[in-house]
Amino acid sequence: MNQSISAAEELAALTAHDASCRLAEGTVSSVQLTQLMLDRIAASQNNAFITVNPKALEEAAAADARRQKGEARGPLDGIPMALKDNISTQGLRTTCASRMLAEFVPPYSATVARRLSEAGCVLLGKLNMDEFAMGSTSENSYFGPVRNPRDPQRIAGGSSGGSAAAVAENLAYFTLGSDTGGSVRQPAAMCGVMGMKPTYGRISRYGVVAFASSLDQIGPITKDAQDCALVLNAIAGKDPYDGSSLMNPLPDYLDALKDGAAGLRIGIPKEYMGEGISEEVRMAVERVAGLLEAQGAIVETCSLPRTEYALSAYYVISSAEACSNLGRYDGVKYGYRTQAYANLAEMIEKTRSEGFGDEVKRRILLGTYTLSAGYFDAYYKRAQQARTLIMEDFRKVFRQYDVLLTPTSPVTAWALGQKHANPLEIYAMDVCTVSVNVAGLPALSLPCGTDSQGLPIGAQFIANTLGEAVLLRAAAAAEKGGKA
Amino acid sequence: MDEFKTVIGLEVHAELDTKSKIYCGCTTEFGGDENTHVCPVCSGMPGVLPMLNRKVVEYCVKAGLALNCAINPYSRQDRKHYFYPDLPKAFQTSQFDQPLCLNGYVDIVAGGQPKRIGITRIHIEEDAGKLIHGADQTRVDYNRCGVPLIEIVTEPDFENSAQVHAFLEALREILLYTEVSNCKMEEGSLRCDVNLSIHREGEPFGTRTEMKNLNSFSAAAAAVEYEAQRQRRVVLGGGKISQDTLRWDDEAGYNYVMRSKEDADEYFYFPEPDIMPMVLSEGYIERIRKTLPELPAKRRERYVQVMGLPMYDAQLLTVSKFISDFFDRTVAAGAQPKAVSNFIMGDITRLLNERGLAPEKVPIQPDAMAELLDLISKGVISNSMGSKVIEIMFEETKSPADIVRERGMAQVSDAGAIRGMCEQVIAENPKIVADYKGGKVKAITALVGQVMKMSRGKANPAMVNQLLEELLK
């Protein structure tokens with residue numbers, strides 16, 4: 001292997017904060033970093049990207065020009081990144097990996113896209129995903145499945161599979177995904193990178209194509225905790241366009257990284273370590289506990305007794321909201337419209353039959369059923385009651401613990417196509433992540449080694465409302481312990 | 001009278017007169033080129049979120065208080081789902097089981113009889129867009145999408161079209177006085193749906209039909225008459241009323257079935273997850289209550305009972321809140337109520353009409369109006385000279401006293417000067433004088449006219465009359 005290739009490999013593998021240092025030193029330019037990423041994206045076989053931004057190099061040149069004039073905007077200025085394809089980008093198509101929006105170019109940008117652009121980031125392009133973020137494998141894409149860079153015969157996880165795979169393959173210095181039931185954390189775990197789902201309302205959802213409004217939250221996928229803090233600093237905070245975004249003051253998330261694990265009270269809920277969790281995953285999570293304990297953390301077993309209701313409540317609520325949110329794709333205003341139709345009703349029916357994939361239709365049907373008169377109380381209302389109980393569980397344990405430690409996914413990445421026959425089996429794989437969305441809490445998936453086949457394992461930290469800093473503190477301490 | 005009783009309930013939609021739409025900053029202005037008052041939010045682009053306009057809540061609460069409702073301290077929005085191209089999100093954000101206002105009433109008088117109409121609820125929601133049907137295609141205009149509405153639902157308290165008409169008039173007045181809606185029917189700012197059924201005395205209510213598209217009060221009254229008769233014919237003919245939604249054709253004067261019960265909609269209501277619940281404090285509600293103006297019915301009562309005006313005057317004065325306020329402020333500045341009323345109903349109305357001005361455009365301040373009336377009551381100018389002064393006040397922003405002084409319009413009450421003019425007129429008009437003396441008492445008015453003309457309107461007419469009578473004895 002010649003030296004220039006390995007130098008490029010080394011440059012591509014940098015964290016965002018290290019790349020930022022190189023930019024600040026002037027040893028590399030944003031154009032160079034961007035060109036490097038574009039070349040790697042073009043060469044990649046893993047289908048992480050749906051669309052490459054034709055203006056990426058232009059944005060990079062602008063960042064370099066700013067820096068030369070001494071007007072660099074901050075640590076992310078000139079850093080190439082990419083966005084999940086359900087985050088609206090003005091002038092650049094935003095497909096949600098659906099035939100329905102395959103040619104849709106938004107007339108406005110999501111708040112997170114705007115904030116990253118204002119921070120000086122270079123947008124490389126838009127990332128593959130499960131259609132409308134519905135799925136846990138990134139196989140439900142109109143543009144074909146995402147392959148796991150660690151083993152291309154396996155899934156990358158989902159629904160933000162492209163976002164996780166791109167970071168794992170060094171195709172972007174960081175990415176954003178969206179997390180409705182684990183869609184940032186689970187693919188991050190399966191691809192061996194870090195993924196955070198912040199508190200509901202910490203990051204604006206404006207411009208993020210809605211799947212389940214009361215559960216959706218944007219989250220960064222990064223190579224380490226420091227990058228996660230940097231990105232969070234850039235995108236978190238109140239947005240006048242999102243009534244559910246929180247007004248609470250923003251800490252500097254970088255501060256949390258230094259605090260170490262000493263005195264940290266960590267609970268391991270027993271419901272998350274029992275049946276269905278693979279032995280290798282359990283051991284990896286226990287190793288993380290051991291690392292933190294060695295640094296002075298207090299680790300104990302605790303209990304979240306209502307955990308068993310979370311999965312059902314999640315699928316009822318998310319499907320109901322999805323069926324409502326996806327009504328607007330009717331062929332009238334934008335997106336796909338069927339070729340031939342005799343009247344309005346037929347146009348809408350055929351457009352939706354042809355424009356949506358199977359998994360999306362399954363969720364719409366489920367949602368329609370649970371919202372129907374006569375079934376509403378039995379399903380939606382009870383799911384909301386379960387939601388309250390699950391929140392109560394968490395409130396109780398957080399009186400005793402700063403952070404909870406669990407697996408992110410019960411198993412490591414499975415083979416592409418393996419579970420197609422049984423959607424319920426795939427739904428069950430969300431068991432470790434959905435409670436967090438149902439309760440609106442922040443959580444983070446930390447890469448914590450590999451199984452015997454070399455496949456990445458993720459450990460999940462869960463914190464109380466607005467506890468992002470504690471998550472970063474625990475993750476940074478575990479990273480340090482892992483290296484030592 | 002026949003053996004049937006008619007039972008009627010109304011659902012009235014009023015567009016709120018806010019500057020911006022209910023969930024975005026777009027203008028609510030009527031008209032505009034197609035799809036020019038739109039943004040990603042109100043046109044339902046993927047990924048957008050609603051931001052509730054606080055004014056909408058305030059206006060709805062204000063309307064609720066004016067209509068004697070209880071205000072719900074905890075209220076919520078819900079999504080009402082249906083597919084139609086004028087509804088870009090495929091759901092209308094509305095309120096289902098937790099509306100803002102509950103249990104109110106409006107007192108009306110119809111056919112000389114007082115009647116209380118119950119208000120079941122008032123809730124906020126967004127308006128839909130408009131379809132524009134062309135020869136070979138249909139276009140959608142989203143300008144009206146997201147314009148805030150309140151839906152006012154009444155109890156089934158109406159028995160006839162006169163009550164419906166009186167209620168709509170009273171409601172319109174209240175919404176105008178509270179400045180919640182401009183109530184422009186021609187712009188669709190006020191729309192009415194009618195639910196109607198008939199039954200025989202002592203029997204349970206019959207099956208009801210719903211009539212939509214009633215865009216004027218007279219259309220609502222006509223539709224009620226028509227439908228009540230139609231249902232009687234059906235029942236008397238041995239038929240059954242089916243629970244249909246009917247569309248009223250105002251030009252043709254009949255209704256036709258829009259949809260029948262079989263395809264009755266299911267709306268899949270569920271709580272709007274993107275808008276936080278509305279929690280209204282007592283203080284907030286009381287602050288709004290303090291902004292309520294005195295309502296027109298109360299004003300009429302005061303005008304008649306306290307000020308002693310005829311009901312006719314009270315009716316005309318309260319047609320516009322601006323005029324009624326103008327009247328009250330002029331009286332407060334010291335003018336005689338009946339004198340103010342006469343000028344408003346006479347000269348001011350005439351001058352507004354001649355100029356095609358709305359009542360709010362009266363260019364006269366109440367203080368100036370009171371000053372003018374003071375000049376008249378003190379005999380400085382005559383009543384008819386007052387009319388001329390008002391006309392000038394419509395054009396120039398000068399005080400009435402200045403106008404009178406600058407133009408020498410003050411009344412002449414100097415007996416010597418008037419006597420001289422009277423003697424001259426008597427000398428110059430021997431024929432009229434002869435008529436008068438021959439018994440034609442009315443001939444004197446011709447002589448008075450001559451004197452007034454000679455004085456260019458300034459002579460005190462009462463004195464002229466008196467002096468002429470004296471001289472002709």
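Observations, loosely collected:
- Calculated FRET value between A:F376 and A:E346, using beta carbons and R₀ = 22 Å, to 0.05: 0.15
- 3J(HN,Hα) couplings calculated from phi for the stretch B:459-473 with the Karplus curve 6.51 cos²θ - 1.76 cosθ + 1.60 (θ = phi - 60°) are, in sequence order, 5, 5, x, 5, 5, 4, 4, 5, 5, 4, 4, 4, 5, 8, 4 Hz; Gly and Pro show x.
- Here's the list of lysines a cross-link from A:K381 could span, going by alpha-carbon distance under 20 Å and ignoring same-chain residues fewer than 8 apart: B:K80.
- From phi via Karplus (6.51, -1.76, 1.60), per-residue ³J(HN,Hα) for the stretch A:317-328 in Hz, x at Gly/Pro: 5, 5, 6, 4, 5, 5, 4, 6, 5, 8, x, 5
- The listed residues B:E169, A:E359 rank as B:E169, A:E359 when sorted by accessible area, largest first, using a 1.4 Å probe.
- In nm, spacing of pseudo-spin labels at B:N215 and A:I298 (7 Å Cα→C-beta vector): 7.3 nm
- Multiplying the residue separation of A:Y369 and A:R66 by 0.36 nm and removing their Cα-Cα distance gives an extension gain of 103.6 nm.
- Lys pairs, the stretch B:104-241 - Cα-Cα below 25 angstrom, 8 or more residues apart or on other chains: 5
- Here B:K361 is the anchor, and the lysines within straight C-alpha reach of less than 16 Å, apart from those fewer than 8 places off in the same chain, are B:K321.
- Over 27 Å between alpha carbons, listed pairs A:K84/B:K89; A:K396/A:K419; A:K238/A:K270: A:K396/A:K419; A:K238/A:K270
- Partners for A:K197 among aspartates and glutamates (Cα-Cα distance below 12 Å; same-chain residues under 8 apart left out): A:D179, A:D216, A:E468
- Modelled spin labels at A:N248 and B:Y312, positioned 7 Å past Cα toward Cβ, are 7.1 nm from each other.
- Surface accessible to a 1.4 Å probe, B:I432 within the full protein complex, Å²: 40 Å²
- Residues whose placed amide H lies under 5 Å from that of A:G219, excluding near-sequence neighbours: A:G177, A:S178, A:D179
- DSSP beta bridge pairing in the stretch B:4-283, given as percent antiparallel to the nearest 5: 95 percent
- Amide H contacts of A:F49: A:N128, each under 5 Å away and 5 or more positions distant or on a separate chain (H built 1.01 Å from N in the peptide plane; Pro and chain starts excluded).
- Residues whose placed amide H lies under 5 Å from that of B:E272, excluding near-sequence neighbours: B:Q77, B:D78, B:R79
- Karplus-derived HN-Hα couplings along the stretch A:417-428 (A = 6.51, B = -1.76, C = 1.60, θ = phi - 60°), whole Hz, x at Gly and Pro: x, 5, 10, 4, 5, 10, x, 4, 5, 5, 3, 5
- Virtual spin-label span in nm between B:F205 and A:Q35, 7 Å along Cα→Cβ: 7.8 nm
- Accessible-area value, B:Y256, 1.4 Å probe, nucleic acids and ligands omitted, Å²: 100 Å²
- Solvent accessible area, Å² - B:C145, 1.4 Å probe, full protein context: 10 Å²
The values are calculated or read from the model by the stated rules, or taken from the named source; none is laboratory data. Since the model is a prediction, treat every value here as computed from it, not as a measurement. Glycine gets a Cβ as well: all are built from the backbone with ideal geometry, and neighbour counts include every protein chain shown. To get the accessible areas, we keep the full protein, side chains included, count just its heavy atoms, and leave off ligands, DNA and RNA. Shrake-Rupley method; radii C 1.70, N 1.55, O 1.52, S 1.80 Å.
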